[in-house]
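Each remark here refers to the structure printed beneath this line.
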Amino acid sequence: MKFKHRDKCVITGSQDLEHLCTVKKLPVFIGCTAELQNNDIKEDMEVYISRSSGIIQLKKLLPLDVVYSSYHSEAVGKVWEMHTQEFAKFIFKHNKIKKIIEVGGSSGKLARICVNLDKELDWTIIEPNPERKEFNEKQISIIPSFVEDKLDLISDSENTIVHSHTLEHLYEPSSFF
């Protein structure tokens with residue numbers, strides 16, 4: 001497997017990374033699978049800190065298509081439900097644009113809440129492995145892709161970009177911003 005190795009802080013570019021710990025033979029997929037445990041791909045996870053910025057980050061980056069090889073379930077339970085409802089309220093309070101791009105929209109929970117509150121919204125989800133490929137709500141569309149491959153879409157000033165719990169998954173957050 002081909003890895004990217006980070007030799008400087010992902011945010012500041014400082015070359016002051018210091019090893020914190022290594023978790024040996026960690027399964028690389030971030031969810032549950034129907035596969036036997038013996039079939040899990042495992043790699044050492046090397047955790048470093050940038051002394052100047054305090055940013056904790058991974059040194060060895062696995063290929064995105066391996067880490068995100070299929071849909072992973074998240075946002076289950078009462079706390080997540082409340083979070084999604086509150087985030088929808090936040091979006092409506094601070095946004096006046098009708099065209100929204102959600103990065104890492106996954107199951108589409110946030111999108112469905114928002115388009116049910118405003119039937120004029122045009123909502124696009126960029127997600128590498130969406131739980132579903134289509135939605136009943138005609139205002140929701142999905143682009144099965146990594147956001148890094150669709151930066152041209154999110155740079156349009158006619159869009160509002162939203163994401164929840166996605167930033168920590170980006171290998172190059174500065175490019176995203």
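The numbers here are math on the coordinates, done by the rules we state, and not lab data. This one's a predicted model, so the numbers in the text were calculated from it and none came from an experiment. Cβ coordinates were reconstructed from backbone atoms using ideal geometry, including for glycine residues, and neighbour counts include every protein chain displayed.
Observations, loosely collected:
- Against the conditions (1) under 24 Å from residue 169 (Cα atoms); (2) β-branched (Val, Ile, Thr); (3) exposed (fewer than 14 other Cβ atoms within 10 Å of the Cβ), residue 97 satisfies every one except (1).
- If the condition is being surrounded by 11 or more Cβ atoms within 10 Å (Cβ to Cβ), under 19 Å from residue 172 (Cα atoms) and more than 22 Å from the chain's Cα centre (by Cα), then the range 14-49 contributes 14, 16, 17.
- Residue that is farthest from residue 164 (Cα to Cα) [pool: residues in the range 99-146 that are part of a strand (DSSP E or B) and of a type in the set (S, T, N, Q)]: 141
- Residue check, residue 101 closer than 26 Å to residue 10 by Cβ, aliphatic (A, V, I, L, M) and in contact with a helix residue (DSSP H, G or I) (Cβ under 9 Å, 6 or more places away or on another chain): yes
- Residue check, residue 47 in a loop (DSSP other than H, G, I, E, B), under 26 Å from residue 148 (Cα atoms) and touching a strand residue (DSSP E or B) at 6+ places or on another chain (Cβ under 7 Å): no
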